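Take a look at the structure below.
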Amino acid sequence: MDKIYPLLILLIGLIVKGLPAFAQSSFDTLELGTVEVYGVPLQKYNVGTSVFQSDSLQKSKIGYSNLNDYLLQHTGIYLKESGNNGLSSISMRGGNSNHTAVLWNGININSITLGASDFNQIPLFLIEDIAVQFGGGSANFGTGSIGGSIVLSSDKILSQDINQKIGLYTSYGSYNHLFTGFKYQQKFGKWSNSTKLYFKRSDNDFPFMNLYGEKEYQNNAGFQDQGILQEISYQISSTQEISAHLWHQKHFREIQPLMGNNQQELKDESLDSNFLRTIIQYKQLFKKGQLHASSGFVRDYTSYKGDPTSTLRSENNIQADFDLNNWLSIKGGIHYQYLYSDNIGEETLSQEVTENRTALFTSIRGEITPRLQVAFNARQALIDQQWQPFAPSLGASWVAFQTPEIQWSWRAQLARNYRIPTFNERYWPLQGNPDIKAESGYSAETGFTLQWNRNGWQSSLSTTVFYNYVYNWIAWYPLEGNLWKAHNLQEVESKGSELQLGLKKTIQPDFSVQAGLNYSFTLATIQEGIEAQKAFIGEQLYYTPKHKQSSYLSITYKKYGLSLQQHYVGTRTTTDRTDILDDYNLFSSTLSRSFEWNKLKIHTSIQVNNILNTAYFNTKYMAMPGRNFMGNVHFIF
């Protein structure tokens, strides 16, 4: 089946190509996406927070890649990779990977065993819009939203009024890296359909210099992905709509060894995983509001060295959002989850686990004046008849100065946040802790945004300062003997600042320039801990850089395009606290050319990654590739 997958994609594309009513436009636009959560614009009730939204032009340049690469290049977020295309763990505002909520079309897709997502397993090809909310958001997004939230949307394409759109995508590059993809969109009467399939593989056998200055080729680091995203909607009436969404993906990855073990005759390790995510959504519009109901099912399966772990969850949500008058809006609803796993832990010690999670939530937004908005959000969760930390938030934004060319606005938010322990932390045989407490804490942030349009330039500057404090921070530690167990061991403080700068100018109708810069400064330190951790109180958390920065420049002239990307990661300590990984600065570039014949559009590009052939570590002693190339061709009908 794995070998059939890429052939199936191309075959379907050739069949559909013969259908009538060819599309007149590209899949990609220059507009920023407006991400919605259960039909409500993300920023309606998230007043006072810093939010980044994706630019589809920049996202399309690495459409063959994963969310890991996009966030590294276009935000100040740090992601730790365990080798090239290995496990990608996010860190937002000094938090762990399980302190970031990841949502797809409104449902949380983080693993219930680990509490986190692997950002190298989220292909950009399937996602239409990406929004990043920085800072605590438990009141709106629930458990895990302590450092921030990543909100992914794939269903926006269903609302586009286009008869038919077809795309074939293929990429090939260094280390036998192959990507093929197919997109088909059609609207017929009251029905809308979107189908996306992709296949990706790589030998990942890049050369590197070992610790003795000798050249080696990476062993046991290949990977293969394939997936399908099928979405369909039906317009029941002018005010009612029902839609169904299915995302299935398979992933195989060899576990890249440490540099010192690359040539040893060790038993190869690999990770085999797949998941199925389905959602049925119903939306009813009213004169001054809407009702939204959804039911989702998520199945995750992972096999590592022959030990399988499988989990099931059902997600059900119903909420109503109403504009009571011109200045006051209110939202409320209930969210219910049923979680199940039949084999947590090693096969010989596995056990069945179930949890019932219920949460009530509400939001109120007031427009005190045309320039001043205030929002209050609150969530109360109940797990198996045990109350979890109450999570309120209060935010405000104020347009302090405004002219036809310049707008200066201020924002601030205070919030309480929480994270429910994962299945592994609670139920792993011998090492889990059924009595472990949920993490909870407080966050505060404030900042301003300056926007100005002058002499054809569209510009924006945004700055934020933040403060987070987390109690009952969960860590694995051998308190008794050599058995590592999950415990509430620490209190952690993180504080810092963020900056985003964007520039855009259309010099002529067929000549434009766009640039952006993102920077984050983060101090994340243990404030309280057990006796063995006293020596590390006040020191930066491991694998948490103080400095992270990225920038890009994009120039488009007629049918040609040139873009440059750069991202910098500062020094980091490792788990043994005595080692310091050097900082690194990576550059990449993309040159593109578009062609058009009648109804056929062809986009070609070549990308050079790590232009300066920089040797660096993201994770200690895990080799990363030097200069490498990728060629791309997109056919759009």
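The values are calculated or read from the model by the stated rules, or taken from the named source; none is laboratory data. It should be emphasised that the depicted structure is a prediction, and the values quoted were computed from it without experimental measurement. Glycine gets a Cβ as well: all are built from the backbone with ideal geometry, and neighbour counts include every protein chain shown. What goes into the accessible areas is simple: the full protein's heavy atoms, side chains included, and nothing from ligands, DNA or RNA. Shrake-Rupley method; radii C 1.70, N 1.55, O 1.52, S 1.80 Å.
Among the lysines, which have Cα under 27 Å from the Cα of LYS305 when same-chain residues fewer than 8 positions away are ignored?
LYS3, LYS80, LYS200, LYS250, LYS267, LYS485, LYS620
Taking only protein heavy atoms and a 1.4 Å probe, what accessible area per residue, in Å², does the chain have with all protein chains in place? Intermediate values should be presented prior to the final figure.
On the way: 27650 Å² over 637 residues.
With all protein chains present, the chain gives 43 Å² per residue.
Rounded to the nearest 10 Å², what accessible area does TRP410 have for a 1.4 Å probe in the complete protein model?
Rounded to the nearest 10, the figure is 90 Å².
Classify the range 70-152 as rounded, prolate or oblate from the Cα gyration tensor: take a ≥ b ≥ c as the square roots of its eigenvalues, call it rounded if a/c is under 1.5, otherwise prolate when a/b beats b/c and oblate if not. Don't skip to the answer; put the middle values down first.
On the way: a/c = 1.35, a/b = 1.21, b/c = 1.12.
Rounded is the answer for the range 70-152, as its axis ratio a/c remains below 1.5.
Enumerate the amide H contacts of ILE420 below 5 Å, restricted to partners 5 or more residues apart or on another chain; note that Pro and chain-start residues carry no placed amide H.
GLY144
Whole-Hz ³J(HN,Hα) for each residue in the range 418-428, computed from phi via Karplus 6.51 cos²θ - 1.76 cosθ + 1.60 with θ = phi - 60°, x for glycine and proline: what do you get?
Per residue, the Karplus-derived 3J(HN,Hα) values read 8, 9, 6, x, 6, 4, 4, 5, 8, 10, 4 Hz.
How high is the relative contact order of the range 184-236, in percent, with contacts defined as C-alpha pairs under 8 Å that are six or more residues apart?
44
Under a 5 Å amide H to amide H cut-off, with H placed in plane at 1.01 Å, what residues pair with GLY222 once short-range neighbours are removed?
The answer is GLU254.
Restricted to Cα positions, what overall size does the chain have along the principal axes? Three whole-Å values, descending.
Here the spans come out as 72, 65, 48 Å, largest first.
Just how many % of Cα pairs in the range 433-503 lie over 21 Å apart, if you round to the nearest whole percent?
53
From the phi angles alone, apply the Karplus equation (6.51, -1.76, 1.60; θ = phi - 60°) to the range 399-413 and give each ³J(HN,Hα) in whole Hz, x where the residue is Gly or Pro.
Here the 3J(HN,Hα) series is 7, 7, 8, 8, 9, x, 10, 10, 9, 10, 10, 10, 8, 7, 8 Hz.
I need the fraction of alpha carbon pairs in the range 82-128 separated by more than 18 Å, rounded to a whole percent. Can you show the working numbers first?
On the way: 332 of 1081 pairs.
Of the Cα pairs, 31 percent sit more than 18 Å apart.
Considering only protein heavy atoms and a probe of 1.4 Å, how much of the accessible area of the chain is carbon and sulfur, as a whole percent?
Values: 15940 of 27650 Å².
Answer for the chain is 58 percent, counting heavy atoms of protein chains only.
Note down the relative contact order for the chain as a percent, whole number, built from C-alpha pairs under 8 angstrom at least six residues apart.
12
May I ask for the net charge around GLY332, where only other residues with Cβ less than 13 Å from the Cβ of GLY332 are counted and Lys, Arg are +1 while Asp, Glu are -1?
+2
With a 1.4 Å probe and every protein chain left in place, tell me how much accessible area GLU216 has, in Å² to the nearest 10.
Approximately 30 Å² for this residue.
If ligands, DNA and RNA are left out, what is the accessible area of ARG379 with a 1.4 Å probe, given in Å² to the nearest 10?
Rounded to the nearest 10, the figure is 20 Å².
Check which residues have an amide H placed less than 5 Å from ASP579's amide H, if you skip close sequence neighbours.
Amide H to amide H, under 5 Å and 5 or more residues apart or across chains, ASP579 pairs with THR574.
Starting at the first residue of the range 172-185, write each ³J(HN,Hα) from the Karplus equation 6.51 cos²θ - 1.76 cosθ + 1.60 with θ = phi - 60°, in whole Hz, x for Gly and Pro.
Values, residue by residue: 8, x, 4, 6, 6, 7, 10, 9, 10, x, 9, 10, 9, 10 Hz.
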